[in-house]
Amino acid sequence: MSKNKEQAMDEMPKENDVVSDEIKVESTTAKSGLIIWIALLVLVVVNAIGGYWLWSQQQAISTQVSEDRADLVVPAQNDNIDYQQSLQAVENKLQATITDLAAEQTALSQRVADLNNEQPLSQQNAEYYWTIAEVNYLLNVANQRALLANDAQGAREAIVLAANNVEHLADPRLQPLRDLLEEEKLALAAVNKVDVEGVSAKLQSMLNSVDKLQVLMAKSINQVDQEEEVNAEDWQGVFGKVWHEVKSLVVIRHQQEGATAVLVPEQRYFLYQNLKLKLETARLALLKGQANVFDQSLVTSEQWLQQYFVGDERDAMVALITELKTENIEVILPDVSLSLTWLRGFEQ
(Lines give C-alpha, C1' and ligand atoms only; values in the text may rest on other atoms or scores of the structure.)
Protein backbone atom coordinates (compact mmCIF):
# COMPACT_ATOMS: atom_id res chain seq x y z
CA MET A 1 0.00 0.00 0.00
CA SER A 2 2.78 2.27 0.94
CA LYS A 3 4.49 1.59 -2.32
CA ASN A 4 1.36 2.38 -4.13
CA LYS A 5 1.12 5.62 -2.27
CA GLU A 6 4.70 6.46 -3.09
CA GLN A 7 4.08 5.68 -6.69
CA ALA A 8 0.93 7.76 -6.55
CA MET A 9 2.90 10.53 -4.99
CA ASP A 10 5.58 10.22 -7.64
CA GLU A 11 3.02 10.39 -10.43
CA MET A 12 1.27 13.43 -9.03
CA PRO A 13 4.17 15.82 -9.68
CA LYS A 14 4.46 14.55 -13.16
CA GLU A 15 0.83 15.37 -13.75
CA ASN A 16 1.38 18.75 -12.29
CA ASP A 17 4.32 19.32 -14.58
CA VAL A 18 2.22 18.41 -17.55
CA VAL A 19 -0.52 20.80 -16.53
CA SER A 20 2.07 23.51 -15.98
CA ASP A 21 3.58 22.89 -19.38
CA GLU A 22 0.17 23.09 -20.99
CA ILE A 23 -0.54 26.34 -19.22
CA LYS A 24 2.82 27.71 -20.42
CA VAL A 25 2.06 26.60 -23.95
CA GLU A 26 -1.36 28.15 -23.85
CA SER A 27 0.11 31.36 -22.39
CA THR A 28 2.78 31.47 -25.12
CA THR A 29 0.19 30.80 -27.75
CA ALA A 30 -2.02 33.58 -26.43
CA LYS A 31 0.89 36.01 -26.44
CA SER A 32 1.86 35.04 -29.99
CA GLY A 33 -1.72 35.57 -31.18
CA LEU A 34 -1.87 38.96 -29.53
CA ILE A 35 1.37 40.02 -31.19
CA ILE A 36 0.08 38.84 -34.53
CA TRP A 37 -3.14 40.78 -34.09
CA ILE A 38 -1.25 43.87 -33.08
CA ALA A 39 1.06 43.48 -36.09
CA LEU A 40 -1.93 43.03 -38.35
CA LEU A 41 -3.60 46.09 -36.85
CA VAL A 42 -0.44 48.14 -37.32
CA LEU A 43 -0.12 46.89 -40.90
CA VAL A 44 -3.74 47.82 -41.60
CA VAL A 45 -3.24 51.28 -40.14
CA VAL A 46 -0.03 51.76 -42.13
CA ASN A 47 -1.75 50.59 -45.28
CA ALA A 48 -4.64 52.94 -44.63
CA ILE A 49 -2.30 55.87 -44.06
CA GLY A 50 -0.24 54.97 -47.13
CA GLY A 51 -3.35 54.59 -49.20
CA TYR A 52 -4.66 57.94 -48.06
CA TRP A 53 -1.31 59.58 -48.83
CA LEU A 54 -1.19 57.99 -52.25
CA TRP A 55 -4.79 59.09 -52.86
CA SER A 56 -4.02 62.67 -51.81
CA GLN A 57 -0.91 62.75 -54.03
CA GLN A 58 -2.91 61.38 -56.93
CA GLN A 59 -5.57 64.02 -56.42
CA ALA A 60 -2.92 66.79 -56.29
CA ILE A 61 -1.28 65.47 -59.46
CA SER A 62 -4.66 65.21 -61.16
CA THR A 63 -5.48 68.78 -60.16
CA GLN A 64 -2.13 70.05 -61.45
CA VAL A 65 -2.54 68.14 -64.70
CA SER A 66 -6.02 69.60 -65.14
CA GLU A 67 -4.74 73.11 -64.53
CA ASP A 68 -1.84 72.64 -66.94
CA ARG A 69 -4.20 71.20 -69.50
CA ALA A 70 -6.50 74.20 -69.08
CA ASP A 71 -3.54 76.57 -69.49
CA LEU A 72 -2.57 74.77 -72.67
CA VAL A 73 -6.06 74.49 -74.07
CA VAL A 74 -6.95 78.22 -73.75
CA PRO A 75 -3.93 79.55 -75.75
CA ALA A 76 -4.37 76.73 -78.21
CA GLN A 77 -7.97 77.75 -78.69
CA ASN A 78 -6.96 81.41 -79.08
CA ASP A 79 -4.23 80.48 -81.57
CA ASN A 80 -6.70 78.36 -83.43
CA ILE A 81 -9.13 81.29 -83.62
CA ASP A 82 -6.39 83.64 -84.87
CA TYR A 83 -5.28 81.06 -87.38
CA GLN A 84 -8.82 80.60 -88.63
CA GLN A 85 -9.23 84.37 -88.99
CA SER A 86 -5.93 84.73 -90.86
CA LEU A 87 -6.82 81.82 -93.07
CA GLN A 88 -10.20 83.39 -93.81
CA ALA A 89 -8.58 86.73 -94.67
CA VAL A 90 -6.11 85.06 -97.05
CA GLU A 91 -8.91 83.07 -98.60
CA ASN A 92 -10.96 86.25 -99.14
CA LYS A 93 -7.98 88.01 -100.72
CA LEU A 94 -7.31 85.07 -103.02
CA GLN A 95 -10.95 84.98 -103.97
CA ALA A 96 -10.90 88.69 -104.83
CA THR A 97 -7.73 88.22 -106.90
CA ILE A 98 -9.30 85.31 -108.74
CA THR A 99 -12.36 87.45 -109.43
CA ASP A 100 -10.22 90.29 -110.81
CA LEU A 101 -8.22 87.91 -112.96
CA ALA A 102 -11.40 86.37 -114.28
CA ALA A 103 -12.77 89.79 -115.18
CA GLU A 104 -9.49 90.75 -116.85
CA GLN A 105 -9.43 87.50 -118.76
CA THR A 106 -12.98 88.11 -119.92
CA ALA A 107 -12.04 91.60 -121.11
CA LEU A 108 -8.98 90.27 -122.94
CA SER A 109 -11.04 87.55 -124.55
CA GLN A 110 -13.53 90.15 -125.71
CA ARG A 111 -10.71 92.29 -127.08
CA VAL A 112 -9.25 89.32 -128.95
CA ALA A 113 -12.67 88.55 -130.37
CA ASP A 114 -13.07 92.17 -131.50
CA LEU A 115 -9.67 92.12 -133.15
CA ASN A 116 -10.51 88.89 -134.93
CA ASN A 117 -13.72 90.40 -136.21
CA GLU A 118 -11.96 93.49 -137.54
CA GLN A 119 -10.62 93.57 -141.04
CA PRO A 120 -6.87 93.01 -141.40
CA LEU A 121 -4.80 96.19 -141.75
CA SER A 122 -3.79 96.78 -145.33
CA GLN A 123 -0.38 97.98 -146.45
CA GLN A 124 -1.79 101.38 -147.33
CA ASN A 125 -3.41 101.80 -143.92
CA ALA A 126 -0.21 100.72 -142.19
CA GLU A 127 1.77 103.37 -144.06
CA TYR A 128 -0.88 105.96 -143.21
CA TYR A 129 -0.76 105.28 -139.45
CA TRP A 130 3.03 105.13 -139.55
CA THR A 131 3.20 108.55 -141.21
CA ILE A 132 0.79 110.03 -138.68
CA ALA A 133 2.99 108.69 -135.86
CA GLU A 134 6.05 110.22 -137.52
CA VAL A 135 4.32 113.61 -137.83
CA ASN A 136 3.40 113.43 -134.14
CA TYR A 137 7.04 112.74 -133.24
CA LEU A 138 8.33 115.64 -135.39
CA LEU A 139 5.88 118.09 -133.82
CA ASN A 140 6.99 116.99 -130.34
CA VAL A 141 10.60 117.63 -131.37
CA ALA A 142 9.67 121.10 -132.66
CA ASN A 143 8.02 122.03 -129.37
CA GLN A 144 10.98 120.76 -127.36
CA ARG A 145 13.46 122.74 -129.45
CA ALA A 146 11.37 125.89 -129.12
CA LEU A 147 10.55 125.67 -125.41
CA LEU A 148 13.61 124.00 -123.91
CA ALA A 149 16.50 124.83 -126.24
CA ASN A 150 15.25 128.23 -127.49
CA ASP A 151 16.22 127.01 -130.96
CA ALA A 152 13.99 128.58 -133.61
CA GLN A 153 15.90 127.09 -136.53
CA GLY A 154 15.69 123.53 -135.20
CA ALA A 155 11.98 123.90 -134.45
CA ARG A 156 11.31 125.22 -137.96
CA GLU A 157 13.18 122.34 -139.60
CA ALA A 158 11.11 119.79 -137.64
CA ILE A 159 7.86 121.52 -138.66
CA VAL A 160 8.94 121.59 -142.31
CA LEU A 161 9.52 117.81 -142.25
CA ALA A 162 6.14 117.27 -140.57
CA ALA A 163 4.40 119.43 -143.20
CA ASN A 164 6.03 117.42 -146.01
CA ASN A 165 4.75 114.17 -144.49
CA VAL A 166 1.22 115.54 -144.13
CA GLU A 167 1.31 116.72 -147.74
CA HIS A 168 2.42 113.23 -148.82
CA LEU A 169 -0.65 111.65 -147.19
CA ALA A 170 -3.04 113.70 -149.38
CA ASP A 171 -5.83 113.35 -146.83
CA PRO A 172 -8.46 116.15 -147.02
CA ARG A 173 -9.23 115.65 -143.34
CA LEU A 174 -5.73 116.92 -142.50
CA GLN A 175 -6.17 120.29 -144.20
CA PRO A 176 -6.60 122.19 -140.88
CA LEU A 177 -3.30 120.67 -139.76
CA ARG A 178 -1.56 121.86 -142.91
CA ASP A 179 -2.86 125.38 -142.34
CA LEU A 180 -1.53 125.42 -138.78
CA LEU A 181 1.85 124.10 -139.90
CA GLU A 182 2.20 126.83 -142.51
CA GLU A 183 1.37 129.51 -139.95
CA GLU A 184 3.96 128.12 -137.53
CA LYS A 185 6.62 127.95 -140.24
CA LEU A 186 6.00 131.60 -141.13
CA ALA A 187 6.15 132.67 -137.47
CA LEU A 188 9.44 130.85 -136.90
CA ALA A 189 10.92 132.31 -140.08
CA ALA A 190 10.32 135.81 -138.68
CA VAL A 191 12.23 135.10 -135.47
CA ASN A 192 15.50 136.98 -135.00
CA LYS A 193 18.42 134.86 -136.20
CA VAL A 194 21.40 135.00 -133.89
CA ASP A 195 24.79 133.64 -134.87
CA VAL A 196 25.36 132.05 -131.50
CA GLU A 197 28.38 130.05 -132.64
CA GLY A 198 30.08 133.08 -134.19
CA VAL A 199 29.52 135.40 -131.23
CA SER A 200 30.61 132.68 -128.82
CA ALA A 201 33.82 132.18 -130.83
CA LYS A 202 34.61 135.91 -130.63
CA LEU A 203 34.09 135.92 -126.87
CA GLN A 204 36.31 132.88 -126.54
CA SER A 205 39.08 134.58 -128.55
CA MET A 206 38.96 137.53 -126.14
CA LEU A 207 39.14 135.16 -123.17
CA ASN A 208 42.25 133.58 -124.64
CA SER A 209 43.87 137.01 -125.09
CA VAL A 210 43.22 138.41 -121.61
CA ASP A 211 46.56 137.22 -120.24
CA LYS A 212 48.36 139.09 -123.05
CA LEU A 213 46.96 142.48 -122.07
CA GLN A 214 49.27 145.13 -120.67
CA VAL A 215 48.08 146.58 -117.38
CA LEU A 216 48.39 150.25 -116.55
CA MET A 217 50.77 149.87 -113.59
CA ALA A 218 52.39 152.24 -111.15
CA LYS A 219 56.05 151.99 -110.28
CA SER A 220 56.91 149.51 -107.64
CA ILE A 221 57.69 150.69 -104.12
CA ASN A 222 61.39 149.83 -104.46
CA GLN A 223 61.74 151.87 -107.63
CA VAL A 224 60.12 154.91 -105.96
CA ASP A 225 62.48 154.63 -103.00
CA GLN A 226 65.53 154.44 -105.28
CA GLU A 227 64.46 157.53 -107.23
CA GLU A 228 63.92 159.43 -104.01
CA GLU A 229 67.41 158.54 -102.83
CA VAL A 230 69.03 159.67 -106.11
CA ASN A 231 67.11 162.94 -106.21
CA ALA A 232 67.96 163.70 -102.62
CA GLU A 233 71.70 163.77 -103.38
CA ASP A 234 71.67 167.22 -105.04
CA TRP A 235 70.09 170.54 -104.10
CA GLN A 236 67.31 169.90 -106.64
CA GLY A 237 66.23 166.69 -104.88
CA VAL A 238 64.09 168.55 -102.44
CA PHE A 239 62.12 170.21 -105.22
CA GLY A 240 61.74 166.88 -107.10
CA LYS A 241 60.59 165.11 -104.01
CA VAL A 242 57.99 167.79 -103.30
CA TRP A 243 56.79 167.65 -106.90
CA HIS A 244 56.50 163.84 -106.69
CA GLU A 245 54.46 164.13 -103.52
CA VAL A 246 52.14 166.64 -105.20
CA LYS A 247 51.60 164.29 -108.14
CA SER A 248 50.87 161.44 -105.76
CA LEU A 249 48.27 163.54 -104.03
CA VAL A 250 46.70 164.39 -107.36
CA VAL A 251 46.57 160.70 -108.33
CA ILE A 252 44.91 159.80 -105.07
CA ARG A 253 42.34 162.53 -105.52
CA HIS A 254 41.51 161.32 -109.03
CA GLN A 255 41.06 157.73 -107.85
CA GLN A 256 38.58 158.85 -105.25
CA GLU A 257 36.62 160.66 -107.93
CA GLY A 258 36.36 157.45 -110.02
CA ALA A 259 38.99 158.14 -112.71
CA THR A 260 41.66 155.76 -113.89
CA ALA A 261 43.01 153.56 -111.12
CA VAL A 262 46.75 152.86 -111.18
CA LEU A 263 47.60 149.36 -109.98
CA VAL A 264 50.82 147.93 -108.67
CA PRO A 265 52.13 144.73 -110.35
CA GLU A 266 50.98 142.54 -107.43
CA GLN A 267 47.31 143.37 -108.13
CA ARG A 268 47.05 142.62 -111.84
CA TYR A 269 46.26 138.90 -111.33
CA PHE A 270 42.89 139.76 -109.78
CA LEU A 271 42.19 142.24 -112.55
CA TYR A 272 42.75 139.55 -115.19
CA GLN A 273 40.47 137.11 -113.37
CA ASN A 274 37.67 139.65 -112.98
CA LEU A 275 37.82 140.53 -116.68
CA LYS A 276 37.64 136.83 -117.61
CA LEU A 277 34.65 136.41 -115.31
CA LYS A 278 32.78 139.21 -117.06
CA LEU A 279 33.48 137.77 -120.50
CA GLU A 280 32.37 134.30 -119.33
CA THR A 281 29.16 135.85 -118.01
CA ALA A 282 28.50 137.43 -121.41
CA ARG A 283 29.10 134.07 -123.11
CA LEU A 284 26.70 132.26 -120.79
CA ALA A 285 24.05 134.94 -121.30
CA LEU A 286 24.44 134.48 -125.06
CA LEU A 287 23.73 130.75 -124.79
CA LYS A 288 20.69 131.36 -122.57
CA GLY A 289 19.36 134.22 -124.71
CA GLN A 290 19.56 136.75 -121.85
CA ALA A 291 20.08 139.98 -123.77
CA ASN A 292 20.21 142.31 -120.75
CA VAL A 293 22.91 140.31 -118.98
CA PHE A 294 24.87 140.01 -122.24
CA ASP A 295 24.86 143.76 -122.88
CA GLN A 296 25.71 144.67 -119.28
CA SER A 297 28.66 142.27 -119.20
CA LEU A 298 30.05 143.74 -122.43
CA VAL A 299 29.69 147.31 -121.12
CA THR A 300 31.53 146.44 -117.89
CA SER A 301 34.28 144.63 -119.79
CA GLU A 302 34.76 147.63 -122.10
CA GLN A 303 35.00 150.02 -119.13
CA TRP A 304 37.62 147.88 -117.43
CA LEU A 305 39.66 147.59 -120.61
CA GLN A 306 39.73 151.36 -121.04
CA GLN A 307 40.41 152.01 -117.37
CA TYR A 308 43.03 149.43 -116.41
CA PHE A 309 44.77 148.34 -119.64
CA VAL A 310 46.85 149.90 -122.41
CA GLY A 311 48.36 148.77 -125.70
CA ASP A 312 47.26 147.42 -129.06
CA GLU A 313 45.73 144.27 -127.58
CA ARG A 314 43.49 146.44 -125.45
CA ASP A 315 42.41 148.53 -128.49
CA ALA A 316 41.60 145.40 -130.53
CA MET A 317 39.46 143.96 -127.74
CA VAL A 318 37.62 147.25 -127.25
CA ALA A 319 36.81 147.37 -130.97
CA LEU A 320 35.54 143.76 -130.88
CA ILE A 321 33.36 144.48 -127.86
CA THR A 322 31.95 147.54 -129.61
CA GLU A 323 31.05 145.30 -132.53
CA LEU A 324 29.41 142.68 -130.28
CA LYS A 325 27.32 145.34 -128.56
CA THR A 326 25.48 145.84 -131.84
CA GLU A 327 24.39 142.18 -131.89
CA ASN A 328 20.77 141.55 -130.96
CA ILE A 329 20.65 138.19 -129.22
CA GLU A 330 17.08 138.52 -127.95
CA VAL A 331 14.89 135.75 -129.39
CA ILE A 332 11.11 135.66 -128.87
CA LEU A 333 9.73 132.34 -130.05
CA PRO A 334 6.08 131.94 -131.10
CA ASP A 335 3.71 129.27 -129.83
CA VAL A 336 4.05 126.17 -132.03
CA SER A 337 1.88 123.81 -129.96
CA LEU A 338 -1.42 124.34 -131.81
CA SER A 339 -0.60 121.84 -134.57
CA LEU A 340 0.41 119.17 -132.05
CA THR A 341 -2.79 119.71 -130.06
CA TRP A 342 -4.92 119.39 -133.20
CA LEU A 343 -3.14 116.17 -134.26
CA ARG A 344 -3.69 114.55 -130.87
CA GLY A 345 -7.37 115.33 -131.06
CA PHE A 346 -7.50 113.87 -134.58
CA GLU A 347 -5.85 110.62 -133.44
CA GLN A 348 -8.43 110.16 -130.70
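The values are calculated or read from the model by the stated rules, or taken from the named source; none is laboratory data. Being a predicted model, the structure only gives us computed values, none of them experimental. In this analysis, Cβ positions are derived from the backbone assuming ideal geometry, glycine residues included, and neighbour counts consider all displayed protein chains.
Taking the condition over 42 Å from the mean Cα position of the chain (by Cα) and modelled with pLDDT under 90, does A190 pass? Yes, satisfied.
Table: residues versus (1) in a loop (DSSP other than H, G, I, E, B); (2) in contact with a strand residue (DSSP E or B) (Cβ under 9 Å, 6 or more places away or on another chain); (3) over 30 Å from E323 (Cα atoms).
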{"site": "A149", "(1), (2), (3)": "yes, no, no"}
{"site": "Q175", "(1), (2), (3)": "no, no, yes"}
{"site": "L180", "(1), (2), (3)": "no, no, yes"}
{"site": "K185", "(1), (2), (3)": "no, no, yes"}
{"site": "E197", "(1), (2), (3)": "no, no, no"}
